1. Hey, among the residues in segment 27-45 that are in contact with a helix residue (DSSP H, G or I) (Cβ under 6 Å, 6 or more places away or on another chain) and assigned to a helix (DSSP H, G or I), which one's surrounded by the fewest Cβ atoms within 10 Å (Cβ to Cβ)?
2. I'd like the full set of residues that are surrounded by 12 or more Cβ atoms within 10 Å (Cβ to Cβ) and not in a helix (DSSP H, G or I), limited to segment 46-68.
3. Which count do you get for residues in segment 36-51 that are of a type outside the set (A, V, I, L, M, F, W, C), under 17 Å from R10 (Cα atoms) and at pLDDT 90 or above?
4. For segment 11-26, name all the residues that are exposed (fewer than 12 other Cβ atoms within 10 Å of the Cβ), part of a helix (DSSP H, G or I) and either of a type outside the set (S, T, Y) or in contact (Cβ under 8 Å) with a residue 24 or more places away in the chain (or both).
Amino acid sequence: LTIHMDDELRLIAQNSLQSLLVDFSDWREEVLLGYCSFLLREVQDTHQTLLDSSLKLLLQLLTQVWTHQRSAPL
């Protein structure tokens, strides 16, 4: 749904991924690997705008994980 035509559904899917990454630390790796696998399989490089927005979301997710891990107590 992160590549859905409906902006509202796309935003809900993006927020769900971000919530999974923040709230469930045990699932972080699986969520990121799953999203990367999805991008490799489903997003063609001929759709430049879609590829750009998908990679932007991936960067946001990675940044959020990195920031959350740095701020988490040891």
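1. Ranking the qualifying residues of segment 27-45, first place goes to W27.
2. Pass one, segment 46-68, residues surrounded by 12 or more Cβ atoms within 10 Å (Cβ to Cβ): 47, 50-51, 53-55, 57-58, 60-62, 64-65, 68.
The answer is H47, and nothing else.
3. Selection size over segment 36-51: 0.
4. Filtering segment 11-26 down to residues exposed (fewer than 12 other Cβ atoms within 10 Å of the Cβ) leaves 15, 19, 23-24, 26.
When the remaining residues are screened for being part of a helix (DSSP H, G or I), the result is 15, 19, 23, 26.
Listed by number, the residues that qualify are N15, D23, D26.
The values are calculated or read from the model by the stated rules, or taken from the named source; none is laboratory data. Since the model is a prediction, treat every value here as computed from it, not as a measurement. A quick note on method: Cβ atoms are made from the backbone with ideal geometry, for glycine too, and the neighbour counts reach across all protein chains shown.
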